[in-house]
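Student: One structure coming up, written as structure tokens, with questions to follow.
The values are calculated or read from the model by the stated rules, or taken from the named source; none is laboratory data. On a predicted model such as this, the values are computed, not experimentally measured, just so you know. Virtual Cβ from ideal backbone geometry, glycine too; neighbours counted across all protein chains shown.
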Amino acid sequence: MTAPLAELHCHLEGAMPVAMARELAAREGIAIEDAIAGERYRWNGFTGFLETYDRIAALLRRPEDYRALAHAVLGSIARQGAIYAELTVSPDHARRSGLDPLAYLGAVAAGAHEAERRHGITARLTVVGVRHFGVEAVEAAARLAATAAEPLVTGFGLAGDERVGRAADFAHAFGIARDAGLGLTAHAGEFAGAAAVDETLDALGVSRIGHGVRAVEDRRVVERLAREGVTLEVCPGSNVALGVFSPEDHPLRALREAGVRVTVSTDDPPFFGTDLAAEYAFARTRGLDPVMLTRQAIEAAFVDEPTRQRLLEKLALAALRLGAPPATR
Ligand SMILES: [Zn+2]
């Protein structure tokens, strides 16, 4: 038996199992084999990654596809031992497939409920705006998240190419999401350096940063993360596959030792040849305790307090059975 796992950073479309991509491609009469190698997707360089990502996401055409995808992805995460997962959902990608954004969110939520019933995993959805689609698009995504009236939508985030625009450009969008009571996170400090993390905290007031690993380049930014209790959604497999860090140089442990709240996630698992169990296994090779990682994830999760307490109790019970040492923060 292993400790219960939790994941805060998994893009729904980017987690599509290869078998499902094959089925959808066959149904739609689209050739996709050149983008597949075994159980993962094949791509070359960051631009190639984005292109393949869009090709895979474009295979999803009907609300039913998204329901099935959410169920499959959460089912897989649950089978690896997770009790909690947040999926990042991108209404802009759905819209590009000709889908109404509310129908999209409803279908994903239906799949998440189904996964909870069948696999016992608790799930929430974070709507993201895509940075390189521009400020207007990100504000539209924030308004959608704020007004969707879908109880599983509890967060708002910023994804896409971090090198486009400044964090402050998106402050209005984050204001809309904050006023609606949504949890806030933004990708930063992956392809842009430590200054981008600093800037994102100043401009957007997020409690979590997607990646944030390049904060390690500036001691003052690391100290700020620790002081302000910001949680990093660290995705080591993604960082290694995209060449941000080598496994040997990955700063997960250094950040933890500096007092930063760290968690591990998969980002886009079949694109990076990873899964949540592999991310936890990597963290363990760095001396990081899985119970600590799951606790930090649940503490930073975008859930209501009764749900958080219920998840923490579930974790504490499992840790007790594992004979793990009592809670340390
Ligand atoms: Zn991401």
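Student: Touching a Pro at 6+ places or on another chain (Cβ under 9 Å), at pLDDT 95 or above, within 16 Å of the ligand (Cβ to nearest atom) and hydrophobic (A, V, I, L, M, F, W, C), is that true of V291?
Tutor: No; evaluated as a whole, the condition is false for this residue.
Student: Helices (runs of 4 or more DSSP H) wholly in segment 211-329 with at least 3 residues that are farther than 30 Å from R42 by Cα and in contact with a strand residue (DSSP E or B) (Cβ under 8 Å, 6 or more places away or on another chain) - which ones?
Tutor: Result: 290-300, 305-322.
Student: I've got another one for you. Starting from segment 255-267, take each residue that is touching a residue at least 60 places away in the same chain (Cβ under 8 Å) and at positive phi and list its partners that are within 16 Å of the ligand (Cβ to nearest atom) and among the charged types (D, E, K, R), counting only C-beta distances under 9 angstrom and pairs at least six apart or across chains.
Tutor: Correct list of pairs: D267/E233.
Student: Examine segment 288-301 for a residue that is small (G, A, S), touching a residue at least 60 places away in the same chain (Cβ under 8 Å), crowded, with 22+ Cβ neighbours inside 10 Å and touching a Ser or Thr at 6+ places or on another chain (Cβ under 7 Å), and state whether such a residue exists.
Tutor: Yes, that holds for at least one residue.
Student: Of the residues that make up segment 214-228, is at least one more than 15 Å from the ligand (Cβ to nearest atom), surrounded by fewer than 24 Cβ atoms within 10 Å (Cβ to Cβ), under 16 Å from C10 (Cβ atoms) and of a type outside the set (S, T, Y)?
Tutor: No, segment 214-228 contains no residue that is more than 15 Å from the ligand (Cβ to nearest atom), surrounded by fewer than 24 Cβ atoms within 10 Å (Cβ to Cβ), under 16 Å from C10 (Cβ atoms) and of a type outside the set (S, T, Y).
Student: Could you give every pair whose Cβ atoms fall below 6 Å, whose first residue belongs to segment 157-185 and is part of a helix (DSSP H, G or I), and whose second residue is of a type in the set (V, I, T), counting only separations of at least 6 or pairs across chains?
Tutor: A167/T200; D169/V135; F170/V138; A173/V138
Student: Taking segment 229-258 as the search range and keeping residues that are within 19 Å of I298 (Cβ to Cβ) and not hydrophobic (A, V, I, L, M, F, W, C), which one is nearest to the ligand (Cβ to nearest atom)?
Tutor: E233
Student: Before we move on, is A283 buried (at least 16 other Cβ atoms within 10 Å of the Cβ) and among the small types (G, A, S)?
Tutor: Taking the combined requirement at face value, the residue satisfies it.
Student: Let me ask you something else. Looking at segment 146-164, which of the residues that are at pLDDT 95 or above, away from the ligand (no atom under 14 Å from the Cβ) and aliphatic (A, V, I, L, M) is surrounded by the fewest Cβ atoms within 10 Å (Cβ to Cβ)?
Tutor: A146
Student: If we only count helices (runs of 4 or more DSSP H) wholly inside segment 14-91, which ones have 3 or more residues that are aliphatic (A, V, I, L, M) and surrounded by fewer than 19 Cβ atoms within 10 Å (Cβ to Cβ)?
Tutor: Hits in segment 14-91: 18-28.
Student: While we're here: Just to verify a result, which residue in segment 259-280, among those that are more than 12 Å from the ligand (Cβ to nearest atom), farther than 14 Å from L5 by Cβ and not hydrophobic (A, V, I, L, M, F, W, C), is surrounded by the fewest Cβ atoms within 10 Å (Cβ to Cβ)?
Tutor: G259
Student: Of everything in segment 202-237 that's farther than 16 Å from G259 by Cβ and aliphatic (A, V, I, L, M), which residue is nearest to the chain's Cα centre (by Cα)?
Tutor: Applying the filter and picking the extreme gives V206.
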